[in-house]
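Below is one structure, written out as structure tokens; the observations come after it.
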Amino acid sequence: MANWNDPQPSSTGFGASSSLPGARGRSTVYDAGLRRHMLSIYNYMASGILLSGVIALGFAYSGMAEAVMMTPLRWIIALSPLAFVMVMSFGTNRLSAAAMQALFWAFSVAMGLSLSSIFLVYTGPSIAVTFFATAGAFAGLSLFGYTTQKSLSGMGTFLIMGLIGILIASLVNVFLRSPPLAWGISFLGILIFAGLTAYDTQKLKEQYSYVAGTAMARKVVILGALQLYLDFINMFLMLLRFMGDRR
């Protein structure tokens with residue numbers, strides 16, 4: 001049986017060649033397992049985005065979004081997705097895989113309620129165009145992260161620092177209300193989340209060798225879907241500022 005917890009899978013693993021007996025068999029099994037692992041992540045992510053979209057569209061066009069956004073409840077709707085992200089991120093070791101899955105679907109619903117506000121600001125056709133543009137960019141960036149032989153680990157620190165920077169700038173701009181600063185944040189945000197899409201994809205691919213065949217694998221799939229979901233949605237929202245037509 002293959003040792004899935006081998007910390008150096010490259011010796012006989014994915015894409016490697018070796019004269020040792022069984023090396024080809026392990027590589028084939030490893031490749032198949034990796035493809036299933038990544039496909040599961042993409043399936044969860046796509047299903048979560050679809051659920052959020054349906055919830056957002058229904059909530060907006062029912063008239064409930066406009067009514068709720070005029071009340072203090074809008075803060076609960078806006079902040080609830082962050083609460084789910086924190087619980088899933090910091091409770092991974094304590095939560096079961098089933099609980100992680102339930103939290104992911106609950107997060108997707110909460111994000112749908114939060115995203116409903118964009119239908120009150122932008123026209124439907126411009127939202128659709130931006131969504132498909134984001135989907136195309138995401139697919140290309142994620143494919144690059146999956147297939148490139150160059151390590152993207154050096155980008156990680158830079159991207160995280162940039163993300164923290166735009167979060168701080170966004171909080172500051174809540175009080176300043178500066179349009180130029182908002183445009184600058186959106187532009188940098190697109191670049192940062194584009195980089196994070198490729199970086200996170202490669203990181204998730206590399207994690208597989210450490211979790212394959214373990215109880216943690218299902219949790220890693222859910223967390224991976226959450227990471228890529230956030231990369232996609234944030235890139236979409238940043239692009240919407242440039243491509244969206246206001247009502």
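Looking at V68, V87, V121, can you tell me which residue is among the β-branched types (V, I, T) and within 28 Å of S40 (Cα to Cα)? Unique residue meeting the criteria: V87. Among the residues making up the stretch 98-118, those that are within 19 Å of Y44 (Cα to Cα), of a type in the set (G, A, S) and surrounded by fewer than 22 Cβ atoms within 10 Å (Cβ to Cβ) are A98, A99, A102, A106.
As a summary of the residue check, L79 satisfies the conditions (1) touching a residue at least 60 places away in the same chain (Cβ under 8 Å); (2) over 16 Å from F236 (Cα atoms) except for the one numbered (1).
The helices (runs of 4 or more DSSP H) found entirely in the stretch 1-100 that carry 1 or more residues being modelled with pLDDT of 95 or more and touching a Gly at 6+ places or on another chain (Cβ under 6 Å) are 23-61. Among the residues of the stretch 134-166, those that are part of a helix (DSSP H, G or I), loosely packed, with under 12 Cβ neighbours inside 10 Å and either within 17 Å of the chain's Cα centre (by Cα) or not polar (S, T, N, Q) (or both) comprise G136, G154, M161, I164. Whether any residue in the stretch 203-210 is closer than 14 Å to G145 by Cα, crowded, with 22+ Cβ neighbours inside 10 Å and in contact with a helix residue (DSSP H, G or I) (Cβ under 9 Å, 6 or more places away or on another chain) is what I want to check. Scanning the stretch 203-210 turns up at least one residue that is closer than 14 Å to G145 by Cα, crowded, with 22+ Cβ neighbours inside 10 Å and in contact with a helix residue (DSSP H, G or I) (Cβ under 9 Å, 6 or more places away or on another chain). The numbered conditions (1) surrounded by 13 or more Cβ atoms within 10 Å (Cβ to Cβ); (2) of a type in the set (F, W, Y); (3) more than 13 Å from the chain's Cα centre (by Cα); (4) under 26 Å from I118 (Cα atoms) are all true for F242 except (1). Looking across the stretch 208-226 at every residue that is of a type in the set (V, I, T) and part of a helix (DSSP H, G or I), the one that is modelled with the lowest pLDDT is identified as V211. For the stretch 113-133, a tally of residues being part of a helix (DSSP H, G or I) and either of a type in the set (D, E) or over 18 Å from the mean Cα position of the chain (by Cα) (or both) returns 10.
The values are calculated or read from the model by the stated rules, or taken from the named source; none is laboratory data. Everything numeric in this text was worked out from a predicted model, so none of it was measured. Here the Cβ is made from the backbone with ideal geometry for all residues, glycine too, and neighbour counts use every protein chain on show.
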